[in-house]
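The values are calculated or read from the model by the stated rules, or taken from the named source; none is laboratory data. For clarity, every value in this text was computed on a predicted model and none was experimentally measured. Every residue, glycine as well, gets a Cβ built from its backbone with ideal geometry; the counts of neighbours run over all protein chains shown.
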């Protein structure tokens with residue numbers, strides 16, 4: 001996290017990228033994701049109209065790259081070909097406006113001489129980054145609410161038909177007495193506030209314009225400001241200690257201790273207060289769905305799991321009285337604190353379930369075939385686990401983009417970037433793209449899935465590793481990364 005003056009300077013630098021002087025020499029780097037029916041030994045070429053074709057370098061299975069010199073102000077007509085002119089992609093246009101950040105992440109959905117088919121779930125979901133209003137990762141100068149229209153326009157262009165957003169609940173008190181409430185101001189934590197009824201109306205109305213459903217999720221969080229000075233972070237920006245402070249605050253609430261029915265009642269009474277209010281607002285606004293399983297800080301309800309399960313069922317019943325849209329849940333954190341050994345009974349009362357996909361663990365630099373095999377094994381396991389639950393399932397992919405993310409290197413709290421840079425984490429966008437490719441190859445043609453989602457998508461282009469906090473480059477968001485081209489290639493099939 002940079003101090004405010006430095007942040008503002010970088011935002012200004014970003015805003016000037018598209019104002020380079022016409023005629024200035026520059027380079028454009030093209031990276032393309034090619035169809036799964038492309039032989040890995042095929043040669044891929046970049047074709048610029050009026051210029052000689054350039055053979056592209058293979059950077060990973062189904063990914064190729066090439067850089068060309070050009071000048072600011074030039075309009076390029078380009079395409080890709082495989083082995084010869086008889087196997088081409090469609091032509092596209094590019095206006096060169098920058099001297100920096102000239103990376104084109106593109107895709108070929110099918111070659112002209114061989115169509116690549118895709119049989120994927122009907123719902124194509126983009127789950128936005130779990131933030132609302134300002135956020136210190138947005139350099140404190142951005143606001144998600146100002147990016148609703150542009151985000152939906154982009155989701156539509158990605159082939160999406162649903163946008164999922166996150167609201168926020170804080171837990172205040174200690175293990176003997178606490179209550180849940182909406183996070184009313186982003187300035188307490190220097191990030192995130194609850195989505196208001198006015199926000200919901202804007203989301204639903206804009207969604208109708210773009211043909212997108214809107215689903216509301218939420219995070220619960222402890223009041224970690226008691227152990228962590230957020231104002232100091234925003235001014236000094238050490239990038240350390242956030243996760244530790246939240247862990248201490250959660251411990252104070254008794255999140256990890258064995259639960260009593262009295263503790264569980266405090267939790268669900270607070271959940272009901274918030275969700276019934278949101279349900280009434282969502283009903284007025286026309287929000288498509290609400291997910292009742294919280295994320296981020298989830299209690300373990302042992303040894304009173306059965307009691308907690310009944311409280312979930314009661315919550316669903318009460319919510320249906322004020323809200324007639326879809327009610328979802330998820331398997332996040334053991335189905336909301338119940339169990340990872342069985343599906344809780346409350347899942348039967350839901351209209352649909354989000355299934356968060358576990359990371360695969362393969363050898364470093366594994367081939368696409370090896371990664372596909374690992375994903376197939378995971379799918380087979382999920383098919384067995386979900387067998388008997390007759391619901392719509394939405395598969396959530398949230399693959400990070402750091403080196404080792406598919407070979408067992410553990411995930412981390414992205415906001416504590418200084419700690420994790422010191423631990424040796426480095427960005428690897430191709431590893432994320434390779435994972436998405438193998439994931440879609442394994443998903444293609446599988447039955448039983450109603451939707452597929454990419455999770456953690458940033459709201460605007462300012463979330464760039466050169467202009468936002470360093471670990472954005474390792475975040476699961478696929479925005480402006482090669483994995484976004486892989487998503488488009490599979491979702492937008494021509």
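Note on the stretch 179-208: among residues that are in a helix (DSSP H, G or I) and touching a strand residue (DSSP E or B) at 6+ places or on another chain (Cβ under 7 Å), the one that is surrounded by the fewest Cβ atoms within 10 Å (Cβ to Cβ) is 204.
Regarding residue 132, is this residue touching a residue at least 24 places away in the same chain (Cβ under 8 Å), crowded, with 20+ Cβ neighbours inside 10 Å and within 16 Å of the chain's Cα centre (by Cα)? For residue 132, the condition - touching a residue at least 24 places away in the same chain (Cβ under 8 Å), crowded, with 20+ Cβ neighbours inside 10 Å and within 16 Å of the chain's Cα centre (by Cα) - is met. The number of residues in the stretch 228-271 being modelled with pLDDT of 75 or more and farther than 22 Å from residue 411 by Cβ comes to 18. The single condition from (1) closer than 26 Å to residue 38 by Cα; (2) at pLDDT 95 or above that residue 447 fails is (2).
Filtering 388, 352 for residues that are under 30 Å from residue 320 (Cα atoms) and either assigned by TED's automatic domain parsing to the domain that holds residue 58 or buried (at least 17 other Cβ atoms within 10 Å of the Cβ) (or both) leaves a single hit, 352. Condition first: in contact with a helix residue (DSSP H, G or I) (Cβ under 9 Å, 6 or more places away or on another chain), assigned to a loop (DSSP other than H, G, I, E, B) and more than 30 Å from residue 202 (Cβ to Cβ). Can you find one or more residues in the stretch 139-146 that meet it? Taking every residue of the stretch 139-146 in turn, none turns out to be in contact with a helix residue (DSSP H, G or I) (Cβ under 9 Å, 6 or more places away or on another chain), assigned to a loop (DSSP other than H, G, I, E, B) and more than 30 Å from residue 202 (Cβ to Cβ).
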